[in-house]
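Written below as structure tokens is the structure these notes are about.
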Amino acid sequence: MILILTPNSDPQGAEYQQLVGFLDQLPNIQYRMHVEQGVLQRLTEVYLIGDTAALSLDYMKSLPCVERVVRVSEEYRVLGRHKDDTRTSEFEYNGVTFSQDHLHIFAGLCAVDTPEHVERMMQALQAHGQVCTRMGAYKPRTSPYSFQGHGKNCLPYVFELAGKYGIKVIAMEITHESHVEEIRAALHATGNPTGVMLQIGTRNTQNFELLKIVGRQQEFPVLIKRGFGITLDESLNAAEYLASEGNRKVVFGLRGMKTNMGDPHRNFVDFAHVPVVKRLTRMPVCIDPSHSVGTRAAGPDGILDIMQVVAQGVVAGANMILVDFHPAPSKALVDGPQALTLAELPHFLEDVALARETYLQRVALAKQYVKG
Ligand code: PEP
Ligand code: MN
């Protein structure tokens, strides 16, 4: 059960203290306060766990400071959609709003290699009105002998260049808790010129200790990718780990599944699950066409498979696209063969805009035809 308190409820106030006093004496029930400080108001939600079935909704609603009460199912308590649950999925980070209604493109380098490539990438993004990118500093690699990413050494120039070119959010994978501190320190040292969305890669989807640590901080939003060999339910529960620890600024990423039925592509593309994740949870959904398709193969119509699956995901309502680009793919240290080139950026963006327009028209059409 979730109690949603009246905005700006004062923890020192008499009514709040009365509420806490009541909750403290409930048998077999634990509770946890979740506070979200927005620009205009502070929102508090109280999560009750345990023997809540016997609690009456009406009675709980009559308690001091309580505005609304939501009875949640066991699944995905914080991030899930529950009956009569009108809580928003929206969050804002560094001036960019994420929700199940928005769409943002994070085109960029799979792995940071040189400052020149970072600069050319960001320059191109700014020239095309983009304010988000992807930049890998910590790379989880299959072979221990492969390039592992420049790590914290590249962060200062990546952040400074982001500031120079108006980039507001960089998706950056972390593979260890120490990376969060390294990112925070580098942002601070460079005067916070940009923001970072921490990325949990598919290999770490069920690294629960990492999830708990990343979930305990609320400074950075998190993109968590679906595990490539586990069920969707297991991956959504992994996302819930972040939220249950306090960070609800979570985006869920689809990136294809490991199955040899996906042979022509690096992974089996799973973007049909965009609407499924949006139905089961309130998270914005990201698609990663690069790591699911993994090649620059094109169909006889001249359209790259990567662009085809982007269109499929966007037409189905995706909210974020994480996609590999590189100014010189043949020189990329990681995943060059799947990178799109800067010359392809305007084509890519126009194609996405077409698919997005189609999605919005489809939503309007559904409103006309589907009653109730
Ligand atoms: C990536 O986005 O760079 C990446 C390694 O993705 P994934 O975790 O989906 O393999
Ligand atoms: Mn990659």
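The values are calculated or read from the model by the stated rules, or taken from the named source; none is laboratory data. In this text, all values refer to a predicted model and were calculated from it rather than measured experimentally. Cβ atoms come from the backbone with ideal geometry, glycine included; neighbour counts cover every protein chain shown. Note: accessible area is taken over every heavy atom of the protein model, side chains too, but ligands, DNA and RNA are not part of it. Shrake-Rupley method; radii C 1.70, N 1.55, O 1.52, S 1.80 Å.
Below is a table of values for the structure above.
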quantity	calculated
Flag if Leu103 is closer than 24 Å to Ala339 by Cα, open to solvent by less than 10 Å² (accessible area, probe 1.4 Å) and more than 16 Å from ligand 1 (Cβ to nearest atom)	no
From Ala339, Ala366, residue being within 20 Å of His104 (Cβ to Cβ) and either out of contact with any helix residue (DSSP H, G or I) (no Cβ under 9 Å at 6 or more places or on another chain) or within 15 Å of ligand 1 (Cβ to nearest atom) (or both)	Ala339
Whichever residue in segment 122-146 is among the aliphatic types (A, V, I, L, M) and in contact with a Gly (Cβ under 9 Å, 6 or more places away or on another chain) and, among such residues, is farthest from ligand 2 (Cβ to nearest atom)	Val131
So Gly149, is it within 17 Å of Lys331 (Cβ to Cβ) and not in a helix (DSSP H, G or I)	yes
Any hit, segment 36-47, residues being of a type in the set (Lys, Arg), open to solvent by less than 70 Å² (accessible area, probe 1.4 Å) and either touching a helix residue (DSSP H, G or I) at 6+ places or on another chain (Cβ under 8 Å) or in a loop (DSSP other than H, G, I, E, B) (or both)	no
Pairs with Cβ under 7 Å, 6+ apart, first in segment 12-24 and more than 15 Å from Tyr47 (Cα to Cα), second aromatic (Phe, Trp, Tyr) and at pLDDT 95 or above	none
The listed residue being in contact with a strand residue (DSSP E or B) (Cβ under 6 Å, 6 or more places away or on another chain), surrounded by 18 or more Cβ atoms within 10 Å (Cβ to Cβ) and more than 19 Å from Asp101 (Cα to Cα), out of Val293, Val334, Val323	Val323
Residue list for segment 1-32, restricted to those being surrounded by 15 or more Cβ atoms within 10 Å (Cβ to Cβ) and in a strand (DSSP E or B)	Ile2, Leu3, Ile4, Leu5, Ile29, Tyr31
Hits in segment 48-61 (condition: open to solvent by 80 Å² or more (accessible area, probe 1.4 Å) and free of Cβ contacts under 8 Å to residues at least 12 places away in the same chain)	Ala53, Ala54, Asp58, Tyr59, Lys61
Residue in segment 245-264 that is within 16 Å of ligand 2 (Cβ to nearest atom) and on the phi > 0 side of the Ramachandran plot present	yes
